[in-house]
Amino acid sequence: MEIKKYSELVALNQAAANFFLISARTAVARQGAFHVALSGGSTPQALYELLATPEYAETVPWGKVHIYFGDERSVPPDHKESNYRMAYDALLRHVPIPESQIHRIKAECSDVHSAATDYSQQLRDCLPSGVNGEVEFDLILLGVGPDGHTASLFPKTDILHEHKALVAAVYVEDKATWRVSLTFPVLNQARQLLFLVAGSNKAEVVSKVLSNTANEAVFPVQQIKNRQQLWLIDQAAAELLK
């Protein structure tokens, strides 16, 4: 695990964009394609908008980029709370990615469990395999909530105990909604995880998780065992981190 702190969000997003560019070029050189899962929420939107600027729109090998999503709310793709819509508006419609290489989670369907099964099959059909034969993302972008959730892996939900399925549906009681999310097996198998964390409301969880002062059962993000983690944290989120 590597941790980098930034005094300003602008610098944090620039570092994340550069890491995205390097990861894309490395993956394309290695295997001819770059498979990346995007995160939702408010924090990564500025990163996506930066990637859509000429500096990156003209240098990232977008024609060989395959876009996936770490999780999705059970809403239509044009809904204001859709992770797909946010990524599409901020980035995807501005860069030359073939539509066939954008793999959204169809969580708006009436049966969210079927949506999870269908997305699992997409991953098996499209992603390369790692050394152990399991699907392997080149990069997964993640955030962390004040409650320690990442993707839609929320505290006290059944998905935290899912160790076989690649994707699962989860009912988030606090938000009274269904979601579809990647599971720990997929996160642990990825070549690289990139966490973007900003805001003073994340300071306590960041301190406890990265200082290893919390019991493992407290925060879902602590269940991630992947050693290839890069945490980019702004000053507000890092204010309690020693």
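Points worth noting:
- Ranking of E49, E58, E162 by count of other Cβ atoms within 10 Å, fewest first: E58, E49, E162
- Radius of gyration (Cα atoms) of segment 1-106, expressed as a multiple of 2.2 N^0.38 Å: 1.06.
- Pairwise FRET efficiency - Q121 versus K5, Cβ, R0 = 30 Å, nearest 0.05: 0.15
- Here's the list of lysines a cross-link from K5 could span, going by alpha-carbon distance under 20 Å and ignoring same-chain residues fewer than 8 apart: K202, K208, K242.
- Fewest-first ranking of H161, H94, using other Cβ atoms within 10 Å as the exposure measure: H161, H94
- The helix-based estimate of mean residue ellipticity at 222 nm for the chain, built from -39,500 (n - 2.57) per DSSP H run of four or more residues and divided by its residue count, is -8500 deg cm²/dmol to the nearest 500.
- Normalised contact order of the chain, rounded percent, pairs of Cα under 8 Å and 6 or more residues apart: 23
- Cα-based radius of gyration for the chain, normalised by 2.2 N^0.38 Å, reads 0.95.
Values quoted throughout were computed directly from the atomic coordinates according to the rules given, and no laboratory measurement underlies them. None of the values given here were measured: they were computed from a predicted structure. For neighbour counting, all protein chains shown are included, and Cβ atoms are generated from backbone atoms with ideal geometry for every residue, glycine included.
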